[in-house]
Amino acid sequence: MHDTSGAATRPSPVLVRPLVRTLLRAPLTRRALREAAYCLLAFPIGLAGGVVVAVLLALGAGLTVSLVGAVVGVLVLVAGVRLARTLGAGHRRLASWLLGEHLPGPGPPPAGRGLLGRLDARLRDGAGWRAVSYVLVKLPVSALGVYAVLWWLTGLVNVTAPLRWAVFGQRPDSGEGGGMPVLTPVPAGGLEVDTFAGTFAALALGLALLLLAPWSTRLVVAADRWLLRALLGRDRLADRVRDLEETRALAVDDSVALLRRVERDLHDGAQVRLVAVAMSLDMAKERLGPPGAEDAAPAVGPADLARVRQLVDGAHRNATEALTELRDLARGLHPPALDDGLPDALATLAARSSVPVRLTADVPRRPTPAIETIAYFCAAELLTNVIKHSGATRADLTVEECRDGVLRLRIVDDGRGGATIGAGSGLAGLVQRVRPVDGRLTVHSPAGGPTTAVVELPLHA
């Protein structure tokens with residue numbers, strides 16, 4: 001029997017080779033060089049900025065607690081917060097240039113009325129104090145960055161040891177003690193080489209340091225990236241509150257617009273027809289005469305009967321049209337087809353389309369009524385755009401529940417393309433329709449087609 005336990009634990013060459021290749025190539029990658037440059041350039045900014053901000057905050061806090069210099073102390077504190085904001089913007093630009101870390105700014109500081117109001121607003125500037133935190137924490141991070149760059153410098157110096165010995169004569173003279181120093185980023189007790197063969201040991205050490213140097217700078221940069229996102233980016237809570245305020249305003253405006261449309265449709269449509277029905281019936285009643293007139297002499301002639309029949313026909317026609325308009329209006333508020341679920345409603349919608357539509361539905365869990373209504377109207381609007389504007393000969397409509405609990409509705413047509421989400425288009429209206437429930441609409445429509453529109457909604461509103 002053969003013992004296979006060692007083979008089972010032996011690393012696979014398929015996994016080892018890419019790892020070795022990555023380690024050997026790391027010092028030569030653009031990313032490693034950019035990260036080293038970032039650590040080197042961020043040090044003077046972080047050191048000077050951190051020291052100045054720390055001094056301003058300490059001085060301002062000391063003056064503020066005193067009775068005499070309270071006003072001056074507040075001004076110094078405000079100046080420190082403002083300087084931290086400026087330094088934070090500089091760090092964001094440096095990270096964007098060298099690291100590709102594009103962070104949106106936190107926005108302008110809050111405004112206030114009057115001198116005291118402005119000072120109070122600046123002291124309550126959350127983004128400014130987060131910038132202060134970053135600038136202060138940047139002091140030790142900058143020092144670690146310089147130490148990480150030291151691995152690069154010592155590695156480069158040691159790699160040139162044979163060249164410095166043979167070409168530039170940097171070797172000890174005969175009879176003198178000591179030798180060529182070997183640099184290390186950690187305290188090593190003064191390593192030296194006193195022979196030409198020993199310089200190759202320094203060369204090997206330099207190569208090892210250069211192989212490790214990219215990972216030291218990457219570790220520091222990873223910590224700095226986290227600090228940048230947490231302290232110098234936009235406040236997620238504030239962004240969420242702002243987004244909720246905007247979507248609430250959109251929901252209120254949408255409900256007001258819906259009520260106005262319902263009122264206008266009732267006033268200009270069904271109400272007018274019902275008034276016409278009432279007037280026609282009143283005129284027919286007058287033609288027929290008062291109650292009991294049938295016992296008296298005949299007061300209704302053939303001409304009057306024809307006129308009464310005409311009035312009744314008109315009233316019947318107006319009543320039928322009024323019922324149709326009311327039915328359409330009710331369908332616009334909540335389509336009856338949704339009573340049986342979203343897939344059946346979309347099947348009805350696809351069957352009524354003048355462009356052939358292939359429907360694929362996979363929705364195991366039924367969404368809430370509000371989500372079903374939004375999805376239905378989005379599909380109806382997108383199919384209307386396909387019919388009116390795309391020139392397509394067919395379309396594919398897919399609705400599915402994704403693993404992350406998102407309802408995804410996708411429509412693909414073979415039209416001419418060129419659809420964009422812009423002001424005044426129906427697509428912009430769909431964006432406003434899905435935003436109140438944290439939905440999203442994306443459209444990919446290159447010139448010449450095909451056009452793909454995707455609506456993503458939560459299952460529960």
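The values are calculated or read from the model by the stated rules, or taken from the named source; none is laboratory data. In this text, all values refer to a predicted model and were calculated from it rather than measured experimentally. When we count neighbours, we look across all protein chains shown, and the Cβ atoms used for this are built from the backbone with ideal geometry, even at glycine. For accessibility, only protein heavy atoms count, side chains too; no ligands or nucleic acids. Shrake-Rupley method; radii C 1.70, N 1.55, O 1.52, S 1.80 Å.
In percent, rounded to a whole number, the relative contact order of segment 338-458 is 24, using alpha-carbon pairs under 8 Å and six or more apart.
Across 97, 152, the residue with the most accessible area heads the list, and the full order at a 1.4 Å probe is 97, 152. In the complete set of protein chains, residue-level accessible area for residue 279 is approximately 110 Å², probe 1.4 angstrom. Spin-label pair residue 447-residue 393: with each label point 7 Å from Cα along the Cα-Cβ axis, the two points sit 2.3 nm from one another. These residues, 224, 194, 396, go from largest to smallest accessible area, 1.4 Å probe, as 194, 396, 224. In this structure the amide hydrogen of residue 449, modeled in the peptide plane, comes within under 5 Å of the amide hydrogens of 417, 418, none closer than 5 places in sequence on its chain. Split the accessible area of segment 23-90 by element, probe 1.4 Å, and carbon with sulfur accounts for 79%. Probing with 1.4 Å while keeping every protein chain in the model, the per residue accessible area of segment 351-432 equals 52 Å². Could you check how much of the accessible area of segment 338-458 is carbon and sulfur, as a whole percent, using a 1.4 Å probe? In segment 338-458, the share of accessible area belonging to carbon and sulfur is 50 percent. Across segment 52-61, rounded Karplus estimates of 3J(HN,Hα) from the backbone phi angles (6.51 cos²θ - 1.76 cosθ + 1.60, θ = phi - 60°) give 5, 5, 4, 5, 4, 5, 5, 5, x, 5 Hz, Gly and Pro being marked x.
How much area per residue is accessible in segment 30-232 when the probe is 1.4 Å and only protein heavy atoms are counted (Å²)?
Computed with neighbouring chains in place, this is 53 Å² per residue.
Subtracting the Cα-Cα distance of residue 215 and residue 460 from 0.36 nm times their residue separation leaves 83.7 nm of extension gain.
The amide H of residue 459, built 1.01 Å from its N in the peptide plane, has 407 as neighbours under 5 Å, considering only residues 5 or more places off or on other chains.
Solvent-accessible surface (1.4 Å probe) assigned to residue 389 amounts to roughly 120 Å². Classify segment 30-232 from the C-alpha gyration tensor, please: rounded if a/c falls under 1.5, else prolate or oblate depending on whether a/b exceeds b/c. Cα axes put segment 30-232 in the prolate bin. Taking 7 Å steps out from each Cα toward its Cβ at residue 45 and residue 227 produces label points 1.3 nm apart. In this structure, the amide hydrogen of residue 193, modeled 1.01 Å from its nitrogen in the peptide plane, lies closer than 5 angstrom to those of 180, 182, counting only residues at least 5 positions away or on a different chain. The HN-Hα couplings worked out from phi for segment 404-420 by the Karplus form 6.51 cos²θ - 1.76 cosθ + 1.60 (θ = phi - 60°) are 7, x, 10, 8, 10, 10, 10, 10, 10, 10, 9, x, 7, x, x, 6, 9 Hz, whole numbers, x standing for Gly and Pro.
The string of couplings for segment 375-383 from the Karplus curve (6.51, -1.76, 1.60, θ = phi - 60°) is 4, 5, 5, 5, 4, 5, 5, 5, 5 Hz, one whole number per residue in order, with x for Gly and Pro. Given a 1.4 Å probe and the protein chains as shown, residue 216 ends up with an accessible area of around 30 Å². By the scheme Lys and Arg +1, Asp and Glu -1, what is the net charge of all other residues having a beta-carbon under 15 Å from that of residue 117? Here the charged neighbours net out to +2. How much net charge surrounds residue 128 when only the other residues with a Cβ under 11 Å from the Cβ of residue 128 are counted, with Lys and Arg +1 and Asp and Glu -1? Summing Lys and Arg as +1 and Asp and Glu as -1 gives +4.
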